[in-house]
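Asks: To start, I am sharing the structure in question, which I have written as structure tokens.
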């Protein structure tokens, strides 16, 4: 069962805010009226003091930037396992925490954006199907109304084949999932003319999959991983509703093996912009 951190943070902030208000507007005046001899309750004082900190974290996380950690190799070579990324929460509209209700329309995803979204679900009866709402990160390939044809991991968009260059052998490093991609070919793909991004293809021990023609319905997006042979994406479970978007991945702020950075640490990726 996935932990709803947004709900926990919101409840904690609300609870500490109630205690802060109780102390500020009721208990503190009583202490002053009594001559200031009564000490504040230590438990109430502790949680009330957390309120400003939690409120700032909640606002920043909900409306500005939210941190995510990359757990899989599906977006290699753009994103590696262990990358900690900052996701722009206002790029596609301001939403309330927990309910995800949009309160202000700001912008929409553009073709080529790397986005974080809540997994829309495929079939709960299938083995190993992630829970609906699991955080995914992929690249936007098709916008509403687009026709996307995928053949051997290459894309034809609205009747126009995308440009591909390169083809050098990729050498993976780090976790096992990354090392297993050694021998794949690294190509540059142009979803947007003049804005190439790297993909992996022709991976050893993998075979092309997910071929088909897809017409993106209104209010939805077609997304794919840059690691074409090792990505579970719209080719298999369908389109991402606009309401499931969490934000745009903008920058890598850290790379290490876990949240505590007790193992590997790669300072060279700190501050890398995500294209």
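Any read-out appearing in this document is the output of simple, stated calculations on the displayed coordinates, not a laboratory observation. Just so we're clear, the structure is a prediction, and the values are computed from it rather than from any experiment. Please note: Cβ atoms are built from the backbone with ideal geometry, for glycine as well, and neighbour counts cover all protein chains shown.
Asks: Using a Förster distance of 51 Å, how high is the FRET efficiency between residue 164 and residue 14, based on the Cβ-Cβ distance and rounded to 0.05?
Replies: For R0 = 51 Å, the calculated efficiency reads 0.50.
Asks: What nm value, rounded to one decimal, do you get for the distance between residue 205 and residue 122 when each label is placed 7 Å out toward the C-beta?
Replies: Rounded to a tenth, the inter-label distance reads 2.0 nm.
Asks: Then there's this: Taking 25 Å as R0, compute the FRET efficiency from the Cβ-Cβ separation of residue 104 and residue 243 and round it to 0.05.
Replies: After rounding to 0.05, the efficiency reads 0.95.
Asks: If I model a spin label as a point 7 Å beyond the Cα along the Cα-Cβ vector, how far apart are those points for residue 250 and residue 94 in nm?
Replies: Using points 7 Å along Cα→Cβ, the separation is 1.5 nm.
Asks: Using per-residue counts of other Cβ atoms within 10 Å, averaged over each peptide, order 78-85, 95-102, 197-204 from highest down.
Replies: Packing order, densest peptide first, comes out as 78-85, 197-204, 95-102.
Asks: Can you figure out the FRET efficiency of residue 132 with residue 28, using R₀ = 45 Å and their beta-carbon distance, to the nearest 0.05?
Replies: For residue 132 and residue 28, the calculated efficiency is 0.50.
Asks: Tell me the angle of helix 5-22 to the major Cα principal axis of the chain, expressed in degrees between 0 and 90 and rounded to the nearest ten.
Replies: 20 degrees
Asks: Between segment 150-191 and segment 202-229, how far is it from one alpha carbon centroid to the other, in angstrom?
Replies: 12 Å
Asks: How far apart, in nm, are the 7 Å Cα→Cβ label points at residue 55 and residue 4?
Replies: 2.4 nm
Asks: Sticking with this one: Tell me what the chain gives for mean residue ellipticity at 222 nm when only DSSP H runs of n ≥ 4 count, each as -39,500 (n - 2.57), the sum divided by the residue total, rounded to 500 deg cm²/dmol.
Replies: So the calculated ellipticity at 222 nm is -6000 deg cm²/dmol.
Asks: Could you work out the percent of alpha carbon pairs in segment 66-269 separated by over 28 Å, rounded to a whole number?
Replies: Percentage above 28 Å: 26.
Asks: Over the chain, what is the relative contact order in whole percent, taking alpha-carbon pairs under 8 Å and six or more residues apart?
Replies: Once divided by the residue count of the chain, the mean separation gives 20 percent.
Asks: Rounded to the nearest 10 degrees, what's the angle between the helix 42-63 long axis and the longest principal axis of the chain, both from Cα atoms, 0 to 90?
Replies: Tilt of helix 42-63: around 30 degrees.
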